[in-house]
Amino acid sequence: RSARPTASTSAHRLETAAPAVRAQLYPPPRGRASSLGDHLHAAPSTPDRPPMRYVSSRGGVAPTLFGDALLAGYCADGGLYVPEAMPHMSAEWLAGLASADFVTVAEATLRLFVGSEEVSDGELAGLVHAAFATFHHPEVLPVVALRPIAGEMPQCVKTSPAQKTETWLQQQRSAPPTMIAELFHGQTLAFKDIGQGLVCSLLELFARKRNLKVHVLVSTTGDTGPAAIEATRFHCKEVQVTAAFPLGRISELQRRQMTTVRAPNIRVLPFEGEGDDLDAPIKALSLDLPFRQKHGLCSINSINVGRVVTQTAHHVWAFLRALEGAHSHAQSVTDAPTAADFAERTRLCRVVIIIPTGAMGNSAAGLWCVASGLPVYKLVLATNANDAVVRAVRDAMLERQPMAHTVSEAMNTQLPYNFERLLHLAANGDCSRVRAWMAAVDRNEPLQLEEDVLFWLRERLLVGAADNEKTLKCIRSTWAEYAYAIDPHTAVGLEVLAVMRQPGGSLAEDGGPPLAPVALRPRTPARAGYLGPHARARASAGGDGGGDVRATTPGRGLDRETASGHRERRAAQLMAPH
């Protein structure tokens, strides 16, 4: 696969950056692994290892293969598909991928979750290569290090002057830098391009094999819909998409990415209400078996197991690059580590993955990797003011909450439906417990989490929230201190991380191995446009209860510049206070 021209990467490089800065942010792409087959066959289905099967989180569906689970979306009993048994990511397997590129890592990771009896090695390689061939960066998902512009301590470190002792400052300077995994280099400039491209290609593959027509029904808060449309508009003949979006709750750029597409297999519909108001109707249609079979109905929101499976790849990639970055910082990295070398690396630093969190599909993917043996120290789930997951893990109470309107609108959700997958893991696969818990949730009753479940979650997760004011402050300070422009969703993650790393916080310096944090960056700032005339009309009428949304939305009006190319410097100027 040839590298794409460097001119196409202008959307994510700083126009005024010096060559040394560019080299620091975007190192040359690493070479491919020695053999694609070496990794694809790391854990194949064999007579000794049964095919990968999936079951309902509520236990009412017989185990099924990946293709059936992918086409079904929801389980017939209302649950979500989860692996019957987690695969194993061994130290040998990870060491073999340490110097591989992202495409190879994605192929190897998907092979763990999708059996070769359903998708052959050649088919899988073709799907993965095609899904990422249109990405704008030669590394597909570059991982960059945040370093202060002049080598000084960032002002955003959350300590008082009295706490900034010389010893503490020296510890911070010697610690590995925070890494950023840029997941937005696909066609719609958001991380959903990663999962949707693969899922839609898999749907097309299974539809052709089974002589089916698939009709994808998706409700979007701005990212899923455009990514699904882009993935199917040219390449899928057996897959149709109907995308519905809430009026005034997505940016103008997101709306135009859907409503300006003319393709016979694409339909786009607006609706009045909040971003997740269609979740229940779509679930009802999906559980109506005659209707679903008649129309080939399928959902590709993150309720679909395919979305979670495909997102495991970038967690493995982010972990490998964070570990590499930490040991490069310590000047102790080798190009081809043995399994013993790799295990030693994981003991010498603690990798933390920061996940901006909405419906929790990305969080579920991260936890599946952890449950499969990926040696991550902690997953940090960062939310905006819609913090149901924070209250669940912190206060042991899962309950629906009124929707708060935020500048990180793609993360707005009243109750993250993928929390059910976390409960299934925390309950050690006890479907009867999950079924009882979710019956209460479906009745809109608060759910008190049990002690063993809380212990399991708190052992693996840290949670935190950031409001609009802190989010915007983080955007400005990150630009001022690192010359690096970020979107509101990434800012939520970095703000939560900064709070946790202050003295007394959950990730404060404790004398143990150094932390190697890597934050998932789901978007380019160019997608943070204003919310359009419907939101303005509601705001002026007092319907939102919070004034004009545009007044606090960074990057407003940026959609007008999209046709001539996105510029992060321009985005940062728009984010700065006037």
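Per-residue SASA remark: Glu252, around 10 Å² accessible (1.4 Å probe; ligands, DNA and RNA not included).
Applying a DSSP loop filter and a limit of 15 other Cβ atoms within 10 Å to the GluC sites (Glu not before Pro) in the stretch 339-424 leaves nothing.
Largest accessible area first, the residues Lys213, Lys294, Lys378 order themselves as Lys294, Lys213, Lys378 under a 1.4 Å probe with ligands, DNA and RNA left out.
With both labels modelled 7 Å from their Cα along Cα-to-Cβ, the Gln293 to Lys473 distance reads 5.8 nm.
The stretch between Ala508 and Arg208 holds 102.7 nm of extra length on full extension. This uses 0.36 nm per residue minus the Cα-Cα distance. Across the stretch 414-423, computed HN-Hα scalar couplings (Karplus, 6.51 cos²θ - 1.76 cosθ + 1.60, θ = phi - 60°) run 7, 8, x, 5, 6, 4, 4, 5, 5, 4 Hz from first to last residue, x flagging Gly and Pro. Database remark: amide H of His137 closer than 5 angstrom to no amide H (H placed geometrically; neighbours at sequence offset of 5 or more, or on other chains; Pro and chain starts carry no H). Structural size metrics of the stretch 380-516, computed from C-alpha coordinates, are Rg and Dmax of 16.6, 52 Å. Taking the stretch 202-216 and a reference point 7 angstrom along Cα→Cβ of Glu123, the backbone N atoms nearer than 11 Å belong to 202-211.
Residue-wise HN-Hα couplings along the stretch 378-394, as the Karplus relation 6.51 cos²θ - 1.76 cosθ + 1.60 with θ = phi - 60° gives them from phi, are 8, 9, 9, 9, 10, 10, 8, 5, 7, 10, 4, 5, 5, 5, 5, 6, 7 Hz; Gly and Pro carry x.
Normalised per residue, the accessible area of the stretch 42-130 is 31 Å², obtained with a 1.4 Å probe and no contribution from ligands, DNA or RNA. Backbone geometry of the stretch 175-189 corresponds, through the Karplus equation with coefficients 6.51, -1.76 and 1.60 at θ = phi - 60°, to 3J(HN,Hα) couplings of 6, x, x, 6, 9, 10, 8, 7, 9, 10, 8, x, 5, 9, 6 Hz, x marking Gly and Pro.
Spin-label model, Phe455/His235: points 7 Å from Cα along the beta carbon direction are separated by 4.6 nm.
The values are calculated or read from the model by the stated rules, or taken from the named source; none is laboratory data. All of these numbers come straight from a predicted model, not from anything done at the bench. No Cβ is skipped: glycine too gets one built from the backbone with ideal geometry, and neighbour counts run over all protein chains shown. The area values use the complete protein model at the heavy-atom level, side chains included, leaving out ligands, DNA and RNA. Shrake-Rupley method; radii C 1.70, N 1.55, O 1.52, S 1.80 Å.
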